[in-house]
Each structure stands twice: as structure tokens, then as C-alpha cells.
Amino acid sequence: MKTIHLFLLSCFFVLGCNSPKEEKADVKLYEAKPKVKQDPLKRGEMLVNAIGCHDCHSPKIMTDRGPQPDPNRLLSGHPANEVLPPYDKETAKSYALFTMGLTASVGPWGTSFAANLTSDDSGIGTWTEAQFLTSITKGKFKGQEAGRNLLPPMPWPSYSQLPESDLKAIFAYLKSTKAVDNVVPSPIPPGK
């Protein structure tokens, strides 16, 4: 018991000897570093790459590493001339099926096609920033309040959680991309 009392007294002594200057110095080690303002286009490009926009919106080419985004059609959406392969409609009632290039998806909602996000008029070339924000934050096709809802697998509910400044940076970057003329097919309702 005497050993425990001596240990506790030693702890109080050591703690009591720490000067306020030393404590303040320790606190400074954990202060946040000032934020560096990043170019919105660079930030938008980083976000587009990080959140996986190319996964669905860029047609793929087969490489020795598997399917990779086609550098000539980046973010241009599902190719207008690509015919969907046959699939088991019964399976599609319980599963989501993707084309090899991941630009089209079939499920209980029907068939959806990844949109053209390039700066071309067939993409988002004529969109306003407000339309883009409405599309991503409210899940509305072409950013039209009264329009249809965006279809799966577009994860707009997750993206809507991004700060508005990040969404604006994404839009600025998309508007700066190479224009690719590609009119994406309309969605196909279930059972068609």
C-alpha cells in the first residue's frame, strides 16, 4: 500500500513541475496548418478523378491491365452507337447488370446510360452552374427542377454531401474538358 502512495505522490510531483510554457509548446504541435487556396480547375479535376466519374462516364478500351478509360472519349458517356448485349430479364429484376465498359446499367429501374459530361453541347456544354448544382444536389436530370429523377447507379445522394465549392470546382473542370459529340440514348423503362 505504501508503494502505491509513493507512486501517486511521484506522479503528482512530476505533473506539478510542468511549467505552463511547456504545456503551451505542446499545444502548438497540434494546431491546424493554414489552408492553401487551390485552383478550382485543378481541384475539380482531382475530385472528378477521386470520386470515380470516369468509372461510368468514360467509355473503355481493353488493355493488358484490363478495361481503361478511352483517352479520346473521356467523360463522354455511353456511346450512342453501342448496342446492348442480350441479358436475362429475370435476373435483372433482382440484380444490377453493367455493360463491360460500365457505361450502361440494367436493373429493376430499367436501363440507364451514363451521361455525357464533356463541354460539348451534347454533354453539359449549354448547362449553367445552377443546373449542375440542382442535378447533383437534388438528383434532377439536366438540372431541371420539374424533370425526371436521375437513375441508378448515379450516386448523386453521396455527391450532394460535398461542399458547394467542390461541386462548383467539378463543374468548372467539366466545362473545361475536351468536347466530345455523343448523344447518349434515353433510358429504357423496366420490361422494355
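Any read-out appearing in this document is the output of simple, stated calculations on the displayed coordinates, not a laboratory observation. None of the values given here were measured: they were computed from a predicted structure. Cβ: placed from backbone, ideal geometry, glycine included. Neighbour counts: every protein chain shown.
Computed quantities for the displayed model
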quantity	calculated
Selection of GluC sites (Glu not before Pro), the range 92-192, meeting DSSP coil and at most 11 other Cβ within 10 Å	145
In the range 40-176, lysine pairs with alpha-carbon atoms under 21 angstrom apart (chain gap of 8 or more, or interchain)	8
Global form of the range 40-176, assessed from the alpha-carbon gyration tensor, a/c cut-off 1.5	oblate
The range 131-192: C-alpha gyration tensor shape, a/c 1.5 cut-off, then a/b vs b/c	oblate
FRET efficiency estimate (nearest 0.05) - Cβ-Cβ, residue 68 to residue 148, R0 22 angstrom	0.10
